[in-house]
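As structure tokens, the structure follows; a few thoughts come after it.
Nothing in this text is a laboratory measurement; each read-out follows from the coordinates by a stated rule. Keep in mind that this is a model prediction, so the values were computed, not measured. No Cβ is skipped: glycine too gets one built from the backbone with ideal geometry, and neighbour counts run over all protein chains shown.
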Amino acid sequence: MKKTILLFHRLELVDMFAPLGNELHGELHVIHLPYGEAERTHMKAYGIAADMPTFKEAIKPLYESIDHVPQDLLSRMDEDIIRFSDGRFNLNSAIQSDRGFTVLDYQQAIALTSAYYQYWDQAISSEKIDYVMHEPTSLMMNFICAILCRKHGAEYIYQIMSKGDRGDLNYLTMSGDNLTAPELERIHKEYASNTRQVDQARCEAFLQKFRADFSIYLGATIKPKQKKYVYALKGLRHQFKKSAALRQHDKIIDNIEYWSATTNSNGDKYKNIRQCEKEVNFEDFNPDLEYYYYPLHLEPEAVVLYHGAGIYANQVKLIQNIAGQLPPGKLLYVKDHPHEFGYRAAEDYKALLKVPNIKLIKQSVPGKLLINSAIGVITINGTAGFEALLMGKQVYVFGKTFYSTCARVNYIHHVRDLRASLYANQGKEYTASDDLLNFVAAYLDALHEGMVDYFVGRANSYNINLEENIRQIARDFIAYTRPHPAIGNRQ
């Protein structure tokens, strides 16, 4: 009997999922679910008709039928979220982690969550869905989907780009509501138990090349910083169009679009950049000081919300607390994310600079340079922690991520536990006999060749054969669905 996959099309995912569905058809039963009318129209350009009403069309009557969410449904949602997130969330903390819900009152948020819950509960069970493929859990609508997939024995799937040793474009297949890579974890256990032998030469060659390369992975896709007047003009244009945009979108059914219309990111960037230039002292990098490094995560994004269990969304307070846990004489270097400019208010930086052992490093400094001379890297769950691991540094994470299975990674359950871990590791040097090569071997085996970075119109910027790319992704996913799947890139 064929397994069933639901492809949840939203924004540019249509450009990946429409042709992918055609390639999977025959091996899997494929269901296409468009998020809204724009996605349905886009799918039609690929010759694909939706298999069901759009997600928005299905949610609207569910929401409108709710006058008051009954207590038994509230309790069931809360219990399922607690159980199937392994206690990382309950209902209220999950609501708090959806950035779009900031435009709703509490009763609206509860009712919309219940509409999402009822939709996915019915769809996954009635359609006998085995896989839902979408994006990382970033909003309540897909977080609830991931939770209910687990409840019904299905799997919520997404992909993330990652650096390998064969070809420039590689990705990991991820599963669930946090950054879990099932293939990597399975293979890692095989290497750790000596049921699979490490190709030491391959792993060491990868590490040597990785440590010598200080470029930003996929750096060519980073948008360059613009002149302040460009942000100002875009901000003014947003203000002129804001009223029309808000009228166009329903606050409930089009929740994330409505929230986006209320958010003038370009206008904020203009004000933030001006104020930062006047009031914030970003320093040049001094590799000779003794320091730990915290790379700022973008906000509001999934890594600090649903992937960070919603606990550390206030990064300013987190960083202040981290600095207070460091051993005496040690500094905390903080640098902003290379993919975005001016998104953070100057007040945030000024609050950090009030802490004597925090130094703000200029954003233009490559993160791997900071990692290279650091004692260790402290992150919620970012890729800088993965880079630090490969560069032989101490790594401290507050959230589950694909590299936190490596024994070298210090998993911190609460910021107050950080001090004991930092003090215990003072002067610690790793040896080749620990878990690093096992992890690297598993990581390289778990990588798949291909490009899954379809958002913000980037697919065409890679100058690759997109048809062959989709065929490769389909072949590897079909293998993923089989028992003991063949892993991309395995010799």
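Straight-line reach from K189: taking Cα to Cα under 13 Å and skipping same-chain neighbours fewer than 8 places apart, the aspartates and glutamates in range are D435, D445. Over the chain, DSSP H runs of length four or greater, each weighted -39,500 (n - 2.57), average out per residue to a 222 nm ellipticity of -13500 deg cm²/dmol.
Extension gain, Q107 to S65, is 13.7 nm, computed as 0.36 nm per intervening residue step minus the present C-alpha separation. Close Lys pairs in the stretch 329-464 (alpha-carbon distance under 18 Å; sequence gap of 8 or more, or different chains): 16. Computed on the stretch 236-315, with alpha-carbon pairs under 8 angstrom and 6+ residues apart, the relative contact order is 15 percent.
Below 8 Å, C-alpha to C-alpha, sequence gap of six or more: please give me the relative contact order for the stretch 282-390 in percent. Over the stretch 282-390, the number comes to 41 percent. Charge dipole of the chain (Cα centre as origin; +1 on each Lys and Arg Cβ, -1 on each Asp and Glu Cβ, all else neutral): 1260 debye, rounded to the nearest 20. Here the residues M141, M1, M174, ranked from fewest to most Cβ neighbours within 10 Å of their Cβ, fall in the order M1, M174, M141. Taking the charge dipole of the stretch 1-148 about its Cα centre, with +1 at Lys and Arg Cβ atoms and -1 at Asp and Glu Cβ atoms, the residue from L139, M43, L28 reaching farthest to the positive side is L28.
Partner lysines whose Cα lies under 27 Å from the Cα of K56, excluding those fewer than 8 positions away in the same chain, are identified as K3, K44, K128, K151, K241, K242, K251.
Taking every DSSP bridge with both residues inside the chain, close to 20 percent are antiparallel. By the beta-carbon count within 10 Å of each Cβ, the least crowded to most crowded order of H307, H414, fewest first, is H414, H307. Each Cα pair under 8 Å and six or more residues apart adds its separation to the average, and for the chain the resulting relative contact order is 17 percent. In a fully extended conformation the segment linking H25 and Y423 would gain 137.8 nm over its present Cα-Cα distance, using 0.36 nm per residue.
Residues F214, F282, F101, arranged from fewest to most other Cβ atoms within 10 angstrom of their Cβ, appear as F214, F282, F101. Computed from point charges on the beta carbon alone (+1 for Lys and Arg, -1 for Asp and Glu), the dipole magnitude for the stretch 38-121 about its Cα centre is near 340 Debye. Sparse packing (at most 15 other Cβ atoms within 10 Å of the Cβ) combined with a DSSP loop state is found for the following trypsin sites (Lys or Arg not before Pro) in the stretch 349-414: K354, K362. Ordering N314, L332, A351 by Cα displacement along the dipole of the stretch 309-373 toward the positive end leaves L332 in first place; charges were set at the Cβ atoms of Lys, Arg (+1) and Asp, Glu (-1). Residues whose amide H comes within less than 5 Å of that of V395, counting only those at least five positions distant or on another chain, are V377, N410 (H built at 1.01 Å from N in the peptide plane). In the chain, taking the dipole from charged Cβ atoms about the Cα centre, the farthest positive-side position among N170, Y443, L389 is held by L389.
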